[in-house]
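Worksheet: the structure to be examined is printed underneath.
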Amino acid sequence: MSISRRPASDPPVRGYAVTHPAGAASLPIEAGWDQLLYAASGVMTVSTLSGSWTVPPLRAVWIPDSERATVSNRSPVAVRGLFLDSSLGALPAAGRAMNMPRFCRELLLHTVGRCPLDLGDTVQAALLTVLLDQLRSLPDAPLWLPRPIDPRAADFAAAAAADPSIASAELARRVGAGLRTLERLFIADTGLGVGAWRRRCRILGSFDALAAGASVTVAGMSAGYATPSAFVAAFKRELGVTPRRFLAP
């Protein structure tokens, strides 16, 4: 896909409403656009060069024009979103994930349904103003998983994500680095130690099973936890609530 700036005659706010099948996709958008993507159902992973957001139902992620991102999902995900001309300065120029309360969700869905927006129309301009005002007030959701840069740490991270049940010592042996070395590399590259990074990776990786209706036991096992209580404790430590509370509407 060629990258180009939009013609001046293009509408400055476009809607996006597609159910993605399982797989990966680069969204059909050129340079010069910010993106707001909302998971109406299903779970998607939005990846950039520096890491990824795992976005479960009822959450959204803001991707500024400066970030090139791809979307992947293990099962179908209903994506609803907006593409906004970056010259609008709609939200801060840093990516972030947000928990979407009911009013914001309904407002976003209504806005997507009205797109493309003509901001010369006072009603449509007011609609966007109210939505952005609401989004600016939302706290960040802790759904970001930074990607280590060092090749040894990156190999460790990829192996840990692929099989969360393998012990860190075994993974370290496979990538040819000691745990102390990996701890130092992870902190330098991601700000998280190996244990904290793996816990976040495991918890984010459990969203698919939980969103599909799996029990806490099954979701915990898929995330590499031996017991449901260990999984729930780790989940609460990472996200502040139990798994079922987290995914409640």
I'm told residue 72 meets every condition in (1) under 22 Å from residue 209 (Cβ atoms); (2) touching a helix residue (DSSP H, G or I) at 6+ places or on another chain (Cβ under 9 Å) except one. Can you identify the failing condition by its number? (2)
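Could you go through segment 127-142 and let me know if any residue there is over 18 Å from the mean Cα position of the chain (by Cα), farther than 30 Å from residue 248 by Cα and not in a helix (DSSP H, G or I). First the steps, then the outcome.
Of all residues in segment 127-142, those over 18 Å from the mean Cα position of the chain (by Cα) come to 127-134, 137.
Right, trim to farther than 30 Å from residue 248 by Cα and you get none.
So far as segment 127-142 goes, no, none of its residues is over 18 Å from the mean Cα position of the chain (by Cα), farther than 30 Å from residue 248 by Cα and not in a helix (DSSP H, G or I).
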Enumerate the pairs (first residue in segment 178-202 and closer than 19 Å to residue 220 by Cα and modelled with pLDDT of 95 or more; second residue anywhere and of a type in the set (D, E, K, R) and assigned to a helix (DSSP H, G or I)) with beta-carbon separation below 7 Å, excluding pairs fewer than 6 apart on the same chain, so at least 6 apart or on different chains. 199/238; 200/238
Please indicate, with yes or no, whether at least one residue in segment 47-59 is open to solvent by 50 Å² or more (accessible area, probe 1.4 Å), modelled with pLDDT under 95 and among the hydrophobic types (A, V, I, L, M, F, W, C). yes
Which residue pairs have Cβ atoms under 8 Å apart, sit 6 or more places apart or on different chains, and have a first residue in segment 65-79 that is in a loop (DSSP other than H, G, I, E, B) and a second that is of a type in the set (Val, Ile, Thr) and surrounded by 14 or more Cβ atoms within 10 Å (Cβ to Cβ)? 67/48; 68/48; 69/46; 69/48; 69/63; 74/43; 75/43
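Filter segment 102-123 down to the residues that are touching a residue at least 12 places away in the same chain (Cβ under 8 Å) and either open to solvent by less than 30 Å² (accessible area, probe 1.4 Å) or in a loop (DSSP other than H, G, I, E, B) (or both) and list them by number. Let's see the steps before the verdict.
Restricting attention to segment 102-123, the residues satisfying the condition of being touching a residue at least 12 places away in the same chain (Cβ under 8 Å) are 102-105, 107-119.
Selection gives 104, 105, 107, 108, 111, 112, 115, 116, 117, 118, 119.
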If we only count helices (runs of 4 or more DSSP H) wholly inside segment 152-249, which ones have 2 or more residues that are touching a Pro at 6+ places or on another chain (Cβ under 7 Å)? 179-190, 194-205, 207-211, 216-222, 228-239
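The values are calculated or read from the model by the stated rules, or taken from the named source; none is laboratory data. Model, not experiment: these values are computed from the prediction. Using ideal geometry, Cβ is built from the backbone for each residue, glycine included, and neighbour counts are taken over all protein chains shown. Please note that ligands, DNA and RNA were not included when accessible areas were found on the heavy atoms of the full protein model with its side chains. Shrake-Rupley method; radii C 1.70, N 1.55, O 1.52, S 1.80 Å.
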